[in-house]
Amino acid sequence: MVWGVVAALVANLLYSTGFVLEKRALAGMPPLSVARPGRALLLLAGRPLWICGATALALGFAAQLAVYRTLPLVAAQGLFLSGLVFLLVLSSAVLGERASGRERRALAVIGVALAMVVTSLYGAGEDVSRSAPTGTLLALCVPSVAAGLALYAAAERRARRRHRQPTTGVSYAVAVGLIYGVSSLAIKGVSGRLDTSDLLGSAPALLTTPHPYLLLLTGATGLVLSQTALQRCRASLIVPVCSTVACVFAVVSGTIAFDEPLPADPARLLLRLGGIALALTVLLTLPRHDADAPAHPSSEGTRS
């Protein structure tokens, strides 16, 4: 259990570092477009700083595999949300981003929600599930990926309107969060099927499951979508909202797919469900537009 907590904290630091380095690299790049993913990947591959960020994220992925092998999914997701603290510190120090007072209060409430979820695990002794039925997993994941893509496309259409307000990127972050939520379930599935003492021997059995294919799909899709969103919006808002959505999705869907039961004790059940509800409420109340951002160039001139 201790090693799982340590691995989660290491993963948090690696993920936060990776996102901040990628955001820094994206600042000097031509605009990326999700409609041209090949061009976007070529542009990204030509930036050494971005490659360093992507490497940090890949190492965070490896640490996440270790977490899922030692901790229940809900406990792991609760610990991953604590990485928002690393992200805010790094985005302020490296990128010079400043969250609004409302956003800082929202993140403080997310911290309370995290504490509620973690407290619900105290003395639980919960088993760590290793597999999920294929039908149940796909029934949860396929519509969620489709919903994420549809939401991102809708946000793109709104962004092209001539007289729009500058967006904070909440819609982008929710969409990417759904994609990465599915990725979290895929990572958990891979971690349960992969035998670290015999990687080659366990690979054939792993390839008969949907987990590696879901991971490849969501990894590639999430990469392009997240980089476009990071280039346009603040990392200090995109990453926390994305992380919250991914966490809530993984907790709810993972509890169903991997059959990790909720606590029988009423107090612990209230803490766990209350923490999830609180995080969702905060997400829904975050502002959709940057009040202090400059007007979009296309909004200048006579309105039609």
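Worth a mention:
- Other-chain or far-sequence residues with amide H under 5 Å of residue 259's (modelled H): none
- Cα point-scatterer Debye curve for segment 171-292, base-10 log of I(q)/I(0) at q = 0.13, 0.17, 0.21, 0.23 Å⁻¹: -0.65, -0.94, -1.15, -1.24
- Panel order for 70, 17, by other beta carbons found within 10 Å of each beta carbon, from fewest to most: 70, 17.
- The peptide list 201-212, 224-235, put in order of mean Cβ contacts within 10 Å with the highest first, becomes 224-235, 201-212.
- Net charge over other residues, Cβ less than 12 angstrom from the Cβ of residue 187 (K, R count +1; D, E count -1): +3
- Helix 101-119 vs. the chain, principal-axis angle (Cα, 0 to 90°, nearest 10): 10
- Relative contact order [Cα under 8 Å, 6+ residues apart], the chain, whole percent: 28
- Pairwise centroid distance, computed over Cα atoms, of segment 60-107 with segment 220-247, Å: 12
- Principal axis dimensions, the chain - Cα atoms, whole angstrom, descending: 63, 44, 36
- Counted by neighbouring Cβ atoms within 10 Å, the residues 3, 50 run from fewest to most as 3, 50.
- Net charge dipole size for segment 2-288 [Lys, Arg +1 and Asp, Glu -1 on Cβ; Debye, nearest 20]: 1540
- Sorted ascending by nearby beta carbons within 10 Å, beginning with the fewest, 157, 36 become 157, 36.
- Across segment 172-183, coupling constants 3J(HN,Hα) worked out from phi with the 6.51/-1.76/1.60 Karplus curve, θ = phi - 60°, read 4, 5, 5, 4, 5, x, 5, 4, 6, x, 5, 4 Hz, and Gly and Pro carry x.
- Relative contact order for segment 1-63: 53 percent, from Cα pairs under 8 Å spaced at least 6 residues apart, divided by residue count.
- Seen against the Cα atoms of the chain and their longest principal axis, helix 211-232 is set at about 30 degrees.
- Estimated from helical segments only, the mean residue ellipticity of the chain at 222 nm is -24000 deg cm²/dmol, where each DSSP H run of four or more residues counts as -39500 (n - 2.57).
- Once the Cα atoms are used to define both axes, helix 235-257 deviates from the longest principal axis of the chain by about 30 degrees.
- Local net charge near residue 27, Cβ-Cβ under 14 Å (Lys/Arg +1, Asp/Glu -1): +3
Here, each number is a calculation from the coordinates, and none is a lab measurement. Note that the coordinates shown come from a computational prediction; the quantities given were computed from them, not determined experimentally. All Cβ positions, even for glycine, are placed from backbone atoms using ideal geometry, and neighbour counts span all protein chains on display.
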